[in-house]
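Below: one structure, written as structure tokens.
The values are calculated or read from the model by the stated rules, or taken from the named source; none is laboratory data. Keep in mind that this is a model prediction, so the values were computed, not measured. For neighbour counting, all protein chains shown are included, and Cβ atoms are generated from backbone atoms with ideal geometry for every residue, glycine included. Note: accessible area is taken over every heavy atom of the protein model, side chains too, but ligands, DNA and RNA are not part of it. Shrake-Rupley method; radii C 1.70, N 1.55, O 1.52, S 1.80 Å.
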Amino acid sequence: MKKSSIILLTILMFFLHACVKESDEKEAFPEVTILSPLPCDTIYFSEAVTYKIKFTDKSGSGLGNLAMDIHNNFNQHSHGSHQTCDMDPVKEPVTPYENAWVFNLPSDKSEYIFETVIEIPAKNNDNNSHDYGDYHYHIYVTNNDGYQSFTTLDIKLLHKED
Amino acid sequence: MLFFLSLCFVNAFSQSHEITGKILDENGRPLPGATIWWCDHHNGTISDLNGDFALKYTSCRHGFLTVSYLGYQTHEIPISDELNGLKIKMEPSEYLIDEVVITDNFNGQMRRIQSMSVDRIQSDFIQQNLSGSLMQTLSRLPGVSSSDIGSGNAKPIIRGLGYYRVAFAMNGIKQSGQFWSAHTGLSVDQHNIEQLEIIKGPSSLRYGSDAIGGVINVLPPAIPQEGVYNASVSLTAKSNTQWLGASANVSGRKNDFYFRSQITHNNYGDIKIPYTDVFYLPAPVSAIEATHKVELGQHVPNTAGNESAFAFTTGIVKPWGNSYLDFSYHTSKNGFFDWIGLKHEERREKHLNSTRDILLPYQKIENYAVNHFTNRFFGENKLELALGFQHNVSSEHCPLSDRTGNRQEELAHYRELDDLELLLKLNTFSANALYSYRERDRHTFDFVVNTQYEQNTIDGYNHIIPNYIRHSAGIALMHRYDISERWVLSRGYRLDYHHFDMAETLNPDPQYGDSIFNQEFSKDYWGTAFSGGLSYLPSDRWTFKINVGKSYRVPSAYELGAHGLHRHEGRFEKGDLKLKPEQAYQMDFGAEYNHPSFSVALSPFFNYFANYLFLNPTPYLRSEGQVYEYQQTTALLYGSEVSLLYHFLDNFDLTVAGAYVYAVNTEIMSPLPFIPPLSVLADLSYNFNNYSGSRLKNPKIGLESVHTAAQNYTVPNELKTPAYTLLHASLSADLKILDQNAHIIFRVRNITDAHYYNHVSFYRRMRIPEAGRDYQIFLKWNF
């Protein structure tokens, strides 16, 4: 009896091992493709810019959230395998522009093109002009399994009169 | 400790007898003042000036006669009819070599009749394997892993269960300071531990909630010899972290009174790592902090730290029992290298100036514990009372910022307190009682009452958990029945009551984030645990065990009420007030064969969780980061530990020990987070038995290899970890330095300077490898 129960448990173990889905590593993560603006584009403060970003989820769980942030790249850092551009000389930020947004994506979709218009103010709350120069956009996306991916976009942000 | 009391009982032909014997030192001279315990501490005596002792006793089956004496290896002899007139030769503990201790730990006969899987560790094991912190030292045992947070701080994981699932206790009194986060280790000085026990597997029956995955229980030190005062000093130096440590101990006894005191200080610099390519931090970081390119160089910046500890014990021994008061203070400060540290380049540059400084962010913990224990004998019965108070202050310091400009005043205040981000003040009062009662020779009943009151007060610029009060009370009844010489049955039942009161916490900055962090919350939880076990000892060599039971765990304050950015993890963590207590059903097996020259042990286990609690990534993003929420699922964890010990050609000892755990979320047939991968340890040592110079004694060399398999079975956003093999070597000997007895250990860890990741370590998540090659020296003098 003892022996048989041990055998039973062993079979159960193998059965469980077999049942477990080994998810494909690449397909588990959602994908981000920035359609517009393009890397190294120049955009201007106080100008309405259309952002078009494509999100794809191959896991089958559906798209989750999108987060976007913008921060300066005056020190010329890098975030991975994104395309880098001709950069202005390194400088100290004085009144850099910084902001972040979060959007919900339709959770029943596995592919979605997100479109929004954002106008970056030329001045901050204290009425000082924002620093112009090299900026990074970060775009994060999640799927409903909780997997997160991100991409970076190198942009030059200038004042119209510059 | 209390657990072991249940091992004693009176057999059918029980009468009061007297046993006499003589205790000798290593040179065969009488050893006065040794403590002799009959039947696993049921009654005891002290050897007289001639080393003689006489002990009145009642019969005891499967019990042990224990002889302990400070500075000597504790001797345990299975009780048999031939004990009378016994001469016991004690061995100084410095002579104790690694493998002897290991033998004791893996296959100790004492644990034979216990249906649970228990390891008992002596201070020699800690000395021989001395690592940065207690858990790192203990992680050499199969089935025990440590979740390292830098070089001097770690959390326990037993059989894949960690975080809030392993209880840490001082002689049965649960300590709660380590529970609040994934990067808060145990507040304990490992030098101050003479012995401890590790229970692998659900132990709620004896320890209540939190012990669902196992227990690490520090046992009381041996009572020193009458009229003699001992002192020892030990020094530790390690090359990798430029670690310098010292510890000193004094103890003594006059008549019935004794004391013991330990003082320790450790100071270490940044971790040195093998050459590491430029890499990018993994993506799941907040949008603001972003992911950055990292170029580490030789050191991991800001991983320096220090630790200071002081402990004092004073007690009284009387024929009725003993009573002692234990005070301990432990403080540690550890720097962190995290996302924040990476973002501030000027901060990184500052680090390059020194490998020993601790800059922001860092963690500081101060822990005070006062415990009082009384053991009182009533013939064959025994009462144990324990009272404890713990005061734990944990503070996190991190560069603070005000996003909206609404909190300038608070910002200025907390900046003045060295950028105090979070402060948690935890006060815990505990009272435990155990009454052990024996009836009709074959039965032992243990009645246990545990109560605990916990109060947490928060402060700091940011928020993660609310103010709360938690109290709990539990009663348990355990029964052991010695059916025959070969069969032992044990069983027990426990009922617990928990109450949580959480205060409402509002967002100090209504313009940023949720308006309420925590709502007011008050709830009762009831928990039950039961267990039944059977041990079968067909011969002196074979042991078989089975244990079946149910354990439970009430969710921690963090799991219920967390709300905020966990800075070091770079994610937003959220508790859930609706969480139910975890219920685990477990089955444990044990099979062991002991031969004079070799032994083999196998201990498989199965654990089914009806509602396993874990932190799961959600699709929600906030500007602080991705939201992770506590959730529950059904889960199954099973695996086994295997060990083999082989003594051959007189001088060689081989130890092979392996552990494996497989964990699966059975609701969606997917992995569970942070499960340690398969690991196998092989240790070969050569003991120069015959060599005995005038200055040098018992030299021994050892070579150890640890192979850890890859962990590719991971949850979303958890990194997969490749396999690795490490090689360590050691050389130890007893010698005379400045006319005093000393013990020296020289070790090389990670000989090949291998570049590897520990899957369950804190820095793994940031793609930072573990420490490279490390030369270590440990030196201890006894006066």
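Computed quantities for the displayed model
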item: Cα-based convex hull volume of chain B per residue, rounded to whole Å³; result: 144 Å³
item: Net charge, B:THR618 excluded, C-beta distance under 13 Å - Lys, Arg +1, Asp, Glu -1; result: -1
item: Relative packing of peptides B:194-202, B:233-241, B:641-649 - highest average C-beta neighbours within 10 Å first; result: B:194-202, B:233-241, B:641-649
item: Nearest-0.05 FRET efficiency for B:ARG486 and B:SER323, computed from C-beta distance (R0 30 Å); result: 0.20
item: Cα-based equivalent ellipsoid of the range B:201-280: semi-axis lengths in Å, sorted from largest, via gyration tensor; result: 37, 28, 7
item: In the range B:372-416, chymotrypsin sites (Phe, Trp or Tyr not before Pro) in a DSSP loop with at most 11 other beta-carbon atoms within 10 Å; result: none
item: Percent accessible area from carbon and sulfur atoms, the range A:24-158, protein chains only, probe 1.4 Å; result: 43 percent
item: Trypsin sites (Lys or Arg not before Pro) lying in DSSP loop within the range B:532-562, provided at most 14 other Cβ fall within 10 Å; result: B:ARG541
item: Cβ-defined net charge surrounding B:MET135, 10 Å radius [Lys, Arg +1; Asp, Glu -1]; result: 0
item: Neighbour net charge for B:SER204 - beta-carbon separation under 11 angstrom, K R +1, D E -1; result: +2
item: Whole-number D in µm² s⁻¹ for the protein assembly as shown, Kirkwood Cα-pair radius fed into Stokes-Einstein, 25 °C, 0.890 mPa s; result: 82 µm²/s
item: Calculated FRET efficiency for the pair B:ASN50/B:ASP739, C-beta based, R₀ 25 Å, to 0.05; result: 0.35
item: Accessible area (Å², 1.4 Å probe, nearest 10) - A:THR151; result: 40 Å²
item: Exposure rank, largest accessible area first [B:MET90, B:MET669; 1.4 Å]; result: B:MET669, B:MET90
item: More than 17 Å apart - percent of Cα-Cα pairs taken over the range B:721-768; result: 57 percent
item: Shielded by partner chains, the range B:643-665 residues - at least 20 Å² of accessible area, 1.4 Å probe, vs chain alone; result: B:TYR662
item: Difference of contour (0.36 nm per residue) and Cα-Cα distance, B:ASP402 to B:LYS89; result: 105.8 nm
item: Residue-averaged [θ]222 nm for chain B, counting only DSSP H segments that reach four residues, each worth -39500 (n - 2.57); result: -1500 deg cm²/dmol
item: The range B:375-435 - Rg (one decimal) and Dmax (whole number), Cα, Å; result: 22.6, 71
item: Average beta carbon contacts from partner chains per residue of B:123-135, 10 Å cutoff; result: 0
item: Heavy-atom accessible area per residue - chain B, 1.4 Å, Å²; result: 36 Å²
item: For the range B:417-505, Kirkwood radius (reciprocal of mean inverse C-alpha pair distance, Å); result: 16.4 Å
item: Reach of B:LYS736 by Cα under 19 Å, taken over lysines that are not fewer than 8 positions away in the same chain; result: B:LYS697, B:LYS700, B:LYS780
item: Carbon plus sulfur fraction of accessible area for chain B, probe 1.4 Å, in percent; result: 56 percent
item: Pairs of lysine residues in the range A:24-158 - Cα separation under 23 Å, sequence separation of 8 or more or cross-chain; result: 11
item: Difference of contour (0.36 nm per residue) and Cα-Cα distance, B:GLN242 to B:ASP514; result: 93.4 nm
item: Cα-based equivalent ellipsoid of the range A:24-158: semi-axis lengths in Å, sorted from largest, via gyration tensor; result: 29, 16, 12
item: Shielding by partners - mean other protein chain Cβ count within 10 Å, residues of B:693-702; result: 0
item: Ordering of B:554-560, B:443-449, A:152-158 by packing [mean C-beta count within 10 Å, highest first]; result: B:554-560, A:152-158, B:443-449
item: Cα-based Lys proximity count in the range B:511-604, under 19 Å, for pairs eight or more positions apart or on separate chains; result: 4
item: Accessible heavy-atom area order of B:LYS382, B:LYS254, B:LYS22, A:LYS52, highest first, probe of 1.4 Å; result: B:LYS254, A:LYS52, B:LYS22, B:LYS382
item: Cα-based convex hull, the range B:109-231, per residue volume (Å³, whole number); result: 123 Å³
item: Antiparallel bridges, percent of DSSP beta bridges restricted to chain B (to nearest 5); result: 95 percent
item: Shielding score for A:125-138, defined as the mean number of other chain Cβ atoms within 10 Å; result: 1
item: Total accessible area lost when A and B pair, probe 1.4 Å, Å² to nearest 100; result: 2800 Å²
item: With DNA, RNA and ligands ignored, accessible area of B:TRP243 (1.4 Å probe; Å², nearest 10); result: 10 Å²
item: A:ILE113 accessible area, assembled protein chains, probe 1.4 Å, Å²; result: 80 Å²
item: Translational D in µm²/s for the range B:692-783 (Stokes-Einstein at 10 °C, 1.306 mPa s, Kirkwood Rh from C-alpha pairs); result: 101 µm²/s
item: Three principal axis lengths of the range B:492-646 [C-alpha, angstrom, descending]; result: 73, 34, 23
